[in-house]
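This report concerns only the one structure given below.
The values are calculated or read from the model by the stated rules, or taken from the named source; none is laboratory data. In this text, all values refer to a predicted model and were calculated from it rather than measured experimentally. Here the Cβ is made from the backbone with ideal geometry for all residues, glycine too, and neighbour counts use every protein chain on show.
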Amino acid sequence: MLPITVRIQTEPFDLGAEAQALRAGRLDVGAIASFVGVCRDHHPGECPPGHVQAMELEHYPGMTEQEIHAMVAQAQQRWPLLGVTVIHRVGALRPGDDIVLVAVASAHRAAAFAACEFLMDYLKTQAPFWKKETTPEGGRWVDARESDDSALRRWGVHSDNAA
């Protein structure tokens, strides 16, 4: 059975510890690919550095974890995976804080890289998270960008957000 870890939490995570946990006691793991999303203080081309002062992330407990498990199941159907960890933070975050971790173990790097990218593209558009940024103008809810929807479509998956 594929070891899957899905956690929604307010506290920071440790990339090194999570990667070690994915391969602990395993001699069949040949690659671990990971992605860490970080809260930025701006959006290139949209607002200047320092404009985003904070981000508040909310989710629907229970449903969010269920959706992420379904995403992992889809990745497992596409690639020979040996383990997956997805950690997403919620609550108040500041620029520089880690938001999300996706780590994928496989026997070979190609499957680990592809599955990691697929899962991140899926998380950006399909996972039930709501993001509110605080800027000098006040708070504003953030929608998925068209570029995120396009990234998901290249996998043959259509976003609920896409037209």
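Each residue in the stretch 115-127 was checked for being polar (S, T, N, Q) and either surrounded by fewer than 16 Cβ atoms within 10 Å (Cβ to Cβ) or in contact with a helix residue (DSSP H, G or I) (Cβ under 6 Å, 6 or more places away or on another chain) (or both), and 1 pass. Looking only at residues that are in a helix (DSSP H, G or I) and either hydroxyl-bearing (Ser, Thr, Tyr) or modelled with pLDDT of 90 or more (or both) in the stretch 144-163, which one is surrounded by the most Cβ atoms within 10 Å (Cβ to Cβ)? Among residues in the stretch 144-163 that are in a helix (DSSP H, G or I) and either hydroxyl-bearing (Ser, Thr, Tyr) or modelled with pLDDT of 90 or more (or both), the one surrounded by the most Cβ atoms within 10 Å (Cβ to Cβ) is SER150.
When the stretch 126-143 is filtered for residues that are outside any strand (DSSP E or B) and either at pLDDT below 85 or of a type in the set (Lys, Arg) (or both), only ASP143 remains. Can you work out which of the residues in the stretch 27-55 that are of a type in the set (D, E, K, R) and either modelled with pLDDT under 95 or on the phi > 0 side of the Ramachandran plot (or both) is surrounded by the fewest Cβ atoms within 10 Å (Cβ to Cβ)? Ranking the candidates gives GLU46 first. Residues in the stretch 83-114 that are surrounded by 22 or more Cβ atoms within 10 Å (Cβ to Cβ) and either among the aromatic types (Phe, Trp, Tyr) or assigned to a helix (DSSP H, G or I) (or both): ALA112 alone. Applying the selection to the stretch 128-143, what residues are out of contact with any His (no Cβ under 7 Å at 6 or more places or on another chain), touching a residue at least 12 places away in the same chain (Cβ under 8 Å) and either crowded, with 20+ Cβ neighbours inside 10 Å or acidic (Asp, Glu) (or both)? GLU133, ASP143, listed by residue number.
Being surrounded by 13 or more Cβ atoms within 10 Å (Cβ to Cβ) and of a type in the set (A, V, I, L, M) is the filter here, so list the residues in the stretch 56-69 that pass it. Those that are surrounded by 13 or more Cβ atoms within 10 Å (Cβ to Cβ) and of a type in the set (A, V, I, L, M): LEU57, ILE68. Taking the stretch 52-82 as the range and being outside any helix (DSSP H, G or I) and either charged (D, E, K, R) or without any contact (Cβ under 8 Å) to a residue 40 or more places away in the chain (or both) as the test, the residues that pass are GLU56, GLU58, GLY62, TRP79, PRO80.
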